[in-house]
Amino acid sequence: MVKQARAARTRQALVRAAAEVFAAEGTAAWSRPAIIERGGGCSGALNCHCASKHDLAAEVERAAADGAQRLAERCRSRADTLLQSLVHTACGLLLAVVADPVIRAGFRLSGDPSRKGGSRLLRWWQAWVHELVVQAQREGELARDVPADVATTVIVAATAGFEVMGAADRDVLSVERVTQLWTFVLPRLASSPDHASTSPQPQTPLEQPGDQVH
């Protein structure tokens, strides 16, 4: 049990270290020594857990997707409406991009066209948004003249776009900027003033989404 716990901590540290490198420099400029130094491990541990750059990137993106899903589940359980759940989850993810290198690297890796078989986080996010928007449409929360596919595309594109812009200017991902996004978008999506009055104020996650690596 002790060895398993130690191995899990080592793996988590290496994944987080790789995420920090990928988030800052991308996969093209990755450095094994930099990851080993950041992770406080040895080259043997890195070879054991993730033998290649592809393996490391896949592990980081998986951890980011798992963390994003936990965040979405928390927001969903606390929301009074489907649109409120959508707002809080999207805002929480954008704020997590700033605070958590695993989530930040996950979005960066998902948007990297050079990676074959990647984009796990973006695929999950698109599927999750579409499912929730369709449910909101069935429940009468979504405006009748707003197609679910169009709403999904706009929301996912806005989220990914904020991450790309935030890579160059972190101020773009401030609470105020994220809130302004929903101030413009939410009234157009909602079927009534009651649904549009859902507060777009982002909720800071209780835990960093990428902290738990299984």
Task: Under 5 Å, built H, 5+ apart or other chain: amide partners of residue 142 - done: 137, 191
Task: Packing rank of 78-86, 11-19, where each peptide gets the mean count of other beta carbons within 10 Å, highest leading - done: 11-19, 78-86
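Values quoted throughout were computed directly from the atomic coordinates according to the rules given, and no laboratory measurement underlies them. Small disclaimer: the values here were computed from a predicted structure and weren't measured. Please note: Cβ atoms are built from the backbone with ideal geometry, for glycine as well, and neighbour counts cover all protein chains shown.
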